[in-house]
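Since the structure comes first, as structure tokens, the remarks are kept for the end.
The values are calculated or read from the model by the stated rules, or taken from the named source; none is laboratory data. Bear in mind the structure is a predicted one, so any value in this text is a computation, not a measurement. Note that each Cβ is placed from the backbone with ideal geometry, even for glycine, and that neighbours are counted across all protein chains shown. The protein model used for the area step is the full one, side chains on, heavy atoms only, and it has no ligands, DNA or RNA in it. Shrake-Rupley method; radii C 1.70, N 1.55, O 1.52, S 1.80 Å.
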Amino acid sequence: MLKQVLRVPPPFRWTPFRRTFLSDAFLCRDSWQSRLATPILAKVNHEALYYELEQKFQQKAKVSAIDIDIYANKLVDDTHIDEVADLMYKFRLTEETSRGLPSTQHAIARTYIEHSHYGELIEMLDNRIGYGVFLDEYTANLALDRLVTTNEFKWGARVATLLALQEDFTHPITRSLATYACYRYVKGGEIDHFDDLKPAPVPVEGEVKKKKKEEIKVRVKFLRNPYFDDHFDLRDSKQLLGKTLYVLGLNSEVAVVANSCKLLGLVLYGKYEQAVELIGGGGEVSGEIVELAKVYLAQVENQEDESVRKLVDAMQGLGKVSNDSFEKVLLDAINKSVAEHETPQIEAQKKIYTEWCELRQQRLDEEMARLQRARRIQELERVGREMEQEEQKLWFFENEDKIELQIDSKKVFYPKRWFGKKKKPRVIDEGYVPPEVRQRQSQQ
């Protein structure tokens, strides 16, 4: 069987010639690549490990968390991108998923980012139950810096919305990069649906309609009342982006940025009454954000709504409006956060990489000890059964009565079958004379 050879593009390499907010040292290349030199990963054959894991899933429907971690950390290119996603999805269906290692998620996310598989990464991050992959502070900063500096603001804004759903804007670099990505995407014009949230296409008139599938009705004990949590249930791209900007505004330390993000976010989110209350607070707002909010407010279908008219009137009478470039304010915030927090995060991440290698070795030793213990138990059980059989042979005549009683006790006695009510036998009348005989006797 010939194996098809695919030409794999070389992995993306961060170079100092590319304009990025984070320095080249932030990648921690040496510390990250050092994992491949550890005894565990150095001896692993990626192809053989994949087939072994697939076989375990098919036969036992169970694999250990350390095996998945080794496979994920062995990734060095995008050749096995689809395989690792498939393994993670199957692994989430097993009970071992509770023992998953943090290095597994990190390795998958970093591989997807470095090789520009943004769509697959977003799909994996959005399906939290199916894959269980989340961005940590380091990979979030790595992804946002890569997307922003390559003008992929739409993907950057989508990553920011996923972080907002997890309410994970504690790191200043993450917060500043996410704010800049969302602002540039909103500033770019009409907000399009995110690729993974696009609605189903509407069939055109005259187009041949496919035959509807037969509906299958299932009886259930009760129906759950519909509930919308206004958080994880949000699937509208504009509302998601609005809520993200509002959350970023709540976490911002700069007053102008905080008020501006909250105002623009509430407009996109459709919370017009809260926007009126925000303006009534008298905080300073960027003039560029006010004009941008007016543009999106004019796109609202129901312009006659009372809350919309109140917001339009309130925006006309804004008092404190900053004329400074909002983009420059955001860039200054990014540069400031990078200058203050990049070096500590680099040192912390290097330490984490070392701890993960030690944890991987520890988990592997525990798994090997568990397997050896299970083998010893099986061997002891086998030896015990053999000794019991040998004992029965040697002491058969002395224990013959006891063995016969054991055999009788193991016999299964089935109850008699009932074939219905028995019919009573016919009563024979010995003095019975057929009518023909009587007739002949009378004639004689």
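The list (1) 1.65; (2) 1.13; (3) 1.39 gives values of Cα Rg over 2.2 N^0.38 Å, and only one came from this structure; which label was calculated from it?
(1)
So if each residue of separation counts as 0.36 nm, and I subtract the Cα-Cα distance between GLU95 and LEU371, what length gain in nm does that give?
Between GLU95 and LEU371, full extension yields 97.6 nm more.
Please give the peptides 136-145, 423-432 ranked by average Cβ packing (other Cβ atoms within 10 Å per residue), highest first, as a rough proxy for protection.
Listed from highest to lowest mean packing, they are 136-145, 423-432.
State the percentage of accessible surface on region 44-90 attributable to carbon and sulfur atoms; use a 1.4 Å probe and exclude ligands, DNA and RNA.
45
Please list, in chain and number order, the residues 5+ apart from SER322 or on another chain whose amide H is under 5 Å from its amide H, with Hs placed from the backbone.
Close amide H contacts, sequence-distant or interchain: VAL285, SER286, GLY287.
From the phi angles alone, apply the Karplus equation (6.51, -1.76, 1.60; θ = phi - 60°) to region 24-40 and give each ³J(HN,Hα) in whole Hz, x where the residue is Gly or Pro.
For region 24-40, the Karplus curve yields 5, 5, 5, 5, 6, 4, 4, 5, 5, 6, 5, 5, 5, 8, 5, x, 5 Hz.
I'd like the GluC sites (Glu not before Pro) in region 292-353 restricted to DSSP loop residues with at most 15 other Cβ atoms within 10 Å, sorted by number.
The qualifying sites are GLU301, GLU304.
Would you mind checking which residues have amide H under 5 Å from PHE194's amide H? H placed 1.01 Å from N; only 5 or more apart, or other chain.
It is SER237, by chain and number.
Expressed as a whole percentage, what fraction of the accessible surface of region 239-352 belongs to carbon and sulfur atoms when a 1.4 Å probe is rolled over the protein heavy atoms?
Carbon and sulfur: 48 percent of the exposed surface of region 239-352.
Can you order the peptides 251-261, 34-44, 184-194 by their average number of other Cβ atoms within 10 Å per residue, highest first?
My ranking of the peptides, most packed first, is 251-261, 184-194, 34-44.
In sequence order, what are the phi-derived ³J(HN,Hα) couplings for region 424-429 according to the Karplus relation 6.51 cos²θ - 1.76 cosθ + 1.60 with θ = phi - 60°, rounded to whole Hz, with x for glycine and proline?
6, x, 5, 8, 8, 8
So, by mean Cβ neighbours within 10 angstrom, what's the order for 274-284, 68-78 with the highest one leading?
Top of the packing list down: 68-78, 274-284.
Output ³J(HN,Hα) for region 226-234: one whole-Hz value per residue in order, computed from phi by the Karplus curve 6.51 cos²θ - 1.76 cosθ + 1.60 with θ = phi - 60°, and x for Gly and Pro.
Karplus-based 3J(HN,Hα) across region 226-234 equals x, 9, 10, 7, 6, 9, 6, 7, 5 Hz.
In Å, the Kirkwood hydrodynamic radius of region 313-444 over pairs of distinct alpha carbons?
By the Kirkwood definition, the hydrodynamic radius is 28.7 Å.
So what is the 222 nm mean residue ellipticity for the chain from helices alone, if each DSSP H run of at least 4 adds -39500 (n - 2.57) and you divide by all residues, rounding to the nearest 500 deg cm²/dmol?
Using -39500 (n - 2.57) per qualifying helix, the result is -19000 deg cm²/dmol.
How long is the gain from LYS217 to GLU391 if the chain were fully straight, where each residue apart is worth 0.36 nm and the alpha carbon distance is subtracted?
In short, 56.6 nm is gained.
Tell me the net charge near LYS310. Cut-off is 11 Å between Cβ atoms, LYS310 excluded, with +1 for each Lys or Arg and -1 for each Asp or Glu.
-4
Work out the length of the dipole vector of region 99-149 about its Cα centre, built from +1 on the beta-carbon of each Lys and Arg and -1 on the beta-carbon of each Asp and Glu, and round it to the nearest 20 debye.
160
Probe of 1.4 angstrom, ligands and nucleic acids ignored: what's the accessible area per residue over region 98-253, in square angstrom?
Per residue, region 98-253 has an accessible area of 55 Å².
Take the alpha carbon gyration tensor of region 25-130, find the square roots of its eigenvalues, order them as a ≥ b ≥ c, and report rounded if a/c is under 1.5; if not, report prolate when a/b exceeds b/c, else oblate.
Oblate is the answer for region 25-130, as a/c is 1.5 or above yet b/c matches or exceeds a/b.
Using 20 Å as the cut-off for backbone N distance, which residues of region 130-144 belong to the label zone defined by a point 7 Å from the Cα of ALA348 along Cα→Cβ?
Counting only backbone N, you get 134-144.
Determine, at each q value in 0.11, 0.17 (inverse angstroms), the log₁₀ of I(q)/I(0) that the Debye formula gives when each Cα of region 208-295 is one equal point scatterer.
Once normalised to I(0) and log-transformed, intensities are -0.47, -0.73.
Using amide H atoms built in the peptide plane, which far-off residues or other-chain residues are under 5 Å from GLU152 H to H?
Counting only residues 5 or more places away or on other chains, the set is empty.
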